[in-house]
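So the structure is just underneath, and the comments pick up after that.
The values are calculated or read from the model by the stated rules, or taken from the named source; none is laboratory data. Remember, it's a predicted structure, so these values are computed and weren't measured experimentally. For neighbour counting, all protein chains shown are included, and Cβ atoms are generated from backbone atoms with ideal geometry for every residue, glycine included. Calculation scope for accessible area: heavy atoms of the full protein, side chains included, ligands and nucleic acids excluded. Shrake-Rupley method; radii C 1.70, N 1.55, O 1.52, S 1.80 Å.
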Amino acid sequence: MKRFLSLILLVLALFTLTFTRPALAGDLAKGAKLFSANCAACHAGGKNVVNAAKTLQKGDLEKYSMNSLEAIKTQIAKGKNAMPAFAGRLSEQEIDDVANYVLSQAEKGWS
């Protein structure tokens, strides 16, 4: 009986871990709306109107070590060079949503 109960608990744990969404995954739909409202003026289509060499395309994100969620979230929150900081305008969750959207679009080639 003890063995049977242990097996049931193991199966339940595996099922739960396998079919749950990650707790910190950003909301891509919200990220898209926030990007459109706050970022698209300079970064429409993954481009960069201020510095054409530093786009949001996958290759450029990798080249400049900006191809991680944490790096993008930091850039959004703190800003850098001509890019303003958004920490005062966007919540942490909104910044996370935008960063997830940017990474998702970079993977798709901003199509």
Residue hits (region 76-111; open to solvent by 50 Å² or more (accessible area, probe 1.4 Å), in a loop (DSSP other than H, G, I, E, B) and within 17 Å of Asp27 (Cα to Cα)) are Ser91
Thr74 fails exactly one of (1) more than 22 Å from Ser111 (Cα to Cα); (2) touching a Gly at 6+ places or on another chain (Cβ under 7 Å); (3) β-branched (Val, Ile, Thr), namely (2)
Within region 29-61, the residues that are open to solvent by 60 Å² or more (accessible area, probe 1.4 Å), in a helix (DSSP H, G or I), closer than 16 Å to Trp110 by Cβ and not hydrophobic (A, V, I, L, M, F, W, C) are Ser36, Lys58
Residues of region 94-111 being of a type in the set (Phe, Trp, Tyr) and under 20 Å from Lys78 (Cβ atoms), in sequence order, are Tyr101
Contact list, first residue from region 62-75 and surrounded by 13 or more Cβ atoms within 10 Å (Cβ to Cβ), second anywhere and assigned to a helix (DSSP H, G or I) and not small (Gly, Ala, Ser), beta-carbon distance below 6 Å, six or more apart or interchain, is Asn67/Leu61; Ile72/Val102; Lys73/Ile95
